[in-house]
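Data block below; observations after.
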Amino acid sequence: LDNGLALKPTMGWLHWERFMCNTDCDTDPDNCISERLYMQMADVMVKEGWKEAGYEYVCIDDCWPSLQRDARGRLQADPKRFPGGIKKLADYVHSKGLKLGIYADVGEKTCAGYPGSLGHYETDAQTFADWDVDLLKFDGCNLKWTLLGEGYINMSKALNRTGRSILYSCEWPLYEWPFQKPNYTAIRETCNHWRNFDDVFDSWSSVKSILDWTASHQDTVVPSAGPGGWNDPDMLVIGNFGLSHDQQESQMALWAIMAAPLLMSNDLRDICPRSKQLLQNKRIIEISQDPLGRQGYRTAKGNSFEVWERPLSKKRLAVAVLNKQEIGGPRGFAISDVPGWKYCDPQCNVTLILPQYKEMGVQAKESKLILYVNPSGTALLTVTPISKHRPHWKK
Ligand SMILES: OC[C@@H]1[C@H](O)[C@H](O)[C@@H](O)CN1C(=S)Nc1ccc(F)cc1
């Protein structure tokens, strides 16, 4: 969507996978969907280096509204859980130098049964703009699939007409795929990023299913990605309970290769240091935010290895080698078997980023360098061809 936003994949925090629809603030005040949760996350994001690392949007998902619209037909936050209201919460988040995201649905009701926006697109867009909201996640539940395109496009226009810059995160293709192949040109024109596939869960099998779907549809979805519009493989679940550290490294590496929005869903108030270090790894974030804005894709699969590659600015290449075997120990993968290694002619500079940072120096085309990858882990590296021609600026 050409609204000047999401020129790089969006970075931030989104409540759903970790906090879901927990509205019981009486018995679970620290984890229920309430203004306190986002204020505390905003505080931590500033205090613990998340904002500095690039994580900017604090996002509310489903279950925030009251079950009734107000007398003027506007959505309103649940008064018990959001006593200050959304505008005040936005002001607080802005006072921390962060941005606030909110959630609505194209149909009659949201997926969790709260008021949907069907018949209220203009009103809801204007309400969010009046509250100084900076991002809208627009879900696709409870609407006849034939009305999805019209709904997503009408909300896009309504947001634009408010005159406020509001990043527009869609789920249009996700809800259309079961019926027909989506039109990615229309989707890119309408949204700043779009969910294509099932919700992520806190498990390696869920992350694998998202990677498998993306690889098997890469010819369709990869070309549509670029500054202003990205494929959204759903939230980062790093820092929760279901992924081993190797699997957390795999999700971080592959989301960077896929130029995916980096929207964490975890408890930043209580996260293990290794996960925090991984999520704030500057070299991985640099790959994710690369200005060339090209999405990477799977270039090889075999012997229970997968190779994913992403072209980067300044003729560099990011490479991820994923070990799909879930038995045995670390396995070696010859760097010369990376399809993109053919550009290392006559040589390349190689920087290993995961599982640890190590400058591998200049490697010749015939390099015998072996990358060791743990089961369900990933080796992530950047490769910079050193061409034989003298750079034009040197005598
Ligand atoms: O209710 C909101 C929740 C999150 O926003 C997800 O990111 C959205 O993809 C939708 N969503 C959920 S749980 N959707 C959903 C997932 C499974 C299902 F059987 C019915 C609805």
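Considering only strands (runs of 3 or more DSSP E) fully contained in the range 297-387, which possess at least 2 residues that are of a type in the set (Lys, Arg)?
Here the list reads 297-302.
Could you grab the pairs with beta carbons closer than 7 Å, sequence gap of 6+ or different chains, first residue in the range 109-138 and away from the ligand (no atom under 14 Å from the Cβ) and open to solvent by 10 Å² or more (accessible area, probe 1.4 Å), second one in a strand (DSSP E or B) and at pLDDT 95 or above?
134/57; 134/99; 134/100; 134/101; 134/167
If the requirement is being under 25 Å from the mean Cα position of the chain (by Cα), modelled with pLDDT of 95 or more and under 20 Å from residue 150 (Cα atoms), which of these qualifies: 110, 123?
Exactly one of 110, 123 is under 25 Å from the mean Cα position of the chain (by Cα), modelled with pLDDT of 95 or more and under 20 Å from residue 150 (Cα atoms), namely 110.
Checking residue 123 against (1) under 25 Å from residue 265 (Cα atoms); (2) in contact with a Leu (Cβ under 9 Å, 6 or more places away or on another chain), only one condition comes out false. Which one?
The one condition residue 123 does not meet is (1).
Could you list, ordered by first residue, the pairs with Cβ atoms under 7 Å in which the first is in the range 152-180 and on the phi > 0 side of the Ramachandran plot and in contact (Cβ under 8 Å) with a residue 40 or more places away in the chain and the second is hydrophobic (A, V, I, L, M, F, W, C) and open to solvent by 60 Å² or more (accessible area, probe 1.4 Å), at least 6 apart or interchain?
none
Please count how many residues of the range 149-171 are assigned to a helix (DSSP H, G or I), within 16 Å of the ligand (Cβ to nearest atom) and not hydroxyl-bearing (Ser, Thr, Tyr).
Going through the range 149-171 one residue at a time, the tally reaches 2.
Give the residue, chosen from 225, 215, 260, that is touching a residue at least 60 places away in the same chain (Cβ under 8 Å), within 23 Å of residue 105 (Cβ to Cβ) and out of contact with any helix residue (DSSP H, G or I) (no Cβ under 7 Å at 6 or more places or on another chain).
The unique qualifying residue is 260.
Taking the range 23-64 as the region of interest, how many residues are polar (S, T, N, Q), closer than 25 Å to residue 198 by Cβ and open to solvent by less than 40 Å² (accessible area, probe 1.4 Å)?
Count: 0.
Just checking, which of 166, 153 is out of contact with any Phe, Trp or Tyr (no Cβ under 8 Å at 6 or more places or on another chain) and among the β-branched types (Val, Ile, Thr)?
Only one candidate passes the filter, namely 153.
Please give the helices (runs of 4 or more DSSP H) falling wholly within the range 172-235 in which 3 or more residues are more than 17 Å from residue 149 (Cα to Cα) and open to solvent by 50 Å² or more (accessible area, probe 1.4 Å).
The qualifying helices (runs of 4 or more DSSP H) are 204-216.
The values are calculated or read from the model by the stated rules, or taken from the named source; none is laboratory data. Note that the structure is a prediction, hence the values are computed from the model and not measured. Using ideal geometry, Cβ is built from the backbone for each residue, glycine included, and neighbour counts are taken over all protein chains shown. Side chains included, ligands, DNA and RNA excluded: accessible areas come from the protein's heavy atoms. Shrake-Rupley method; radii C 1.70, N 1.55, O 1.52, S 1.80 Å.
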